[in-house]
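Bear in mind that the values in this text are calculations on the coordinates, not laboratory data. Here the structure is a predicted model, which is why all the values come from computation and not from measurement. Note that we place each Cβ from the backbone using ideal geometry, even for glycine, and neighbour counts take in every protein chain shown.
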């Protein structure tokens with residue numbers, strides 16, 4: 001859940017942005033402020049604010065003048081500037097203060113939603129990363145879709161990724177089911193090992209285990225790849 005504060009002196013615009021936020025999942029509006037003093041007071045009062053939507057033209061202080069103050073007192077608060085100001089200097093000042101994005105009014109609901117969702121996506125991704133590499137950094141700052149960043153998959157004990165891929169490849173070539181014993185012969189492993197991999201695939205709904213009854217003896221489990 002992302003906690004948001006709207007700092008906007010025009011109550012009509014603030015209400016519109018509030019309505020936009022209501023259309024986005026996992027967002028909670030902490031409140032709205034109409035000037036710099038109220039904004040700083042609310043940041044002081046609510047320690048759980050994640051994101052500040054800040055206007056440049058505030059009645060008592062420019063939003064860009066507030067940026068160094070906010071950065072100094074509340075370094076963990078992220079900021080998106082939303083403003084009618086088109087002067088390049090305001091954008092430059094905002095960039096130097098590390099704002100997440102800079103939106104020019106009037107902001108469409110599509111652009112607003114896209115920006116907030118991208119912020120949430122990047123924030124959640126960073127929270128789940130212990131280390132980053134250059135590929136991740138390039139994608140994060142380059143604007144490429146975050147979902148293209150490869151996520152590490154953790155397998156249960158006894159499941160080796162390379163052996164698992166070999167089992168999947170064998171399954172993909174079959175037109176009928178296969179027993180654990182037959183899989184073991186194909187992959188060059190014991191029946192017990194083969195069964196472990198097949199049961200893992202069954203747990204992930206990639207194959208289904210069916211009982212096959214022979215003429216004599218106990219029924220045998222056969223594993224069939226789901227289409």
ask   = Just 36, 180, 84 to compare: in a GNM of the chain, with alpha carbon springs under 10 Å, which one fluctuates most?
value = 180
Using alpha-carbon coordinates, inclination of helix 161-172 to the longest axis of the chain, degrees = 60
inquiry  = Can you say what percent of the DSSP beta bridges in the chain, counting only those with both residues inside, are antiparallel? Round to 5.
reply    = 30
message = If I take R0 = 45 Å and measure r between the Cβ atoms of residue 127 and residue 12 in this structure, what FRET efficiency does the formula 1/(1 + (r/R0)^6) give, to the nearest 0.05?
response = 0.85
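State, to one decimal in nm², a quarter of the convex hull surface area for the C-alpha atoms of the chain, i.e. the direction-averaged projected area.
Computed as one quarter of the Cα hull surface, the answer is 18.0 nm².
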key: Stretch gain in nm, segment residue 210-residue 65, where the contour uses 0.36 nm per residue and the Cα spacing is subtracted   = 45.3 nm
task = Report, to the nearest 10°, how far helix 109-127 tilts away from the longest principal axis of the Cα atoms in the chain, using its own Cα long axis and a range of 0 to 90°.
result = 60
query = How long is the gain from residue 175 to residue 118 if the chain were fully straight, where each residue apart is worth 0.36 nm and the alpha carbon distance is subtracted?
reply = 16.2 nm
query = Along the Cα-to-C-beta direction of residue 97, a point sits 7 Å from the Cα; which residues of the range 14-47 have their amide N less than 20 Å from that point?
reply = 14, 30-47
remark   = The exposure ranking of 170, 116, fewest beta-carbon neighbours within 10 Å first, is 170, 116
Computed helical MRE - 222 nm, the chain, DSSP H runs ≥ 4 contributing -39500 (n - 2.57), nearest 500 = -14000 deg cm²/dmol
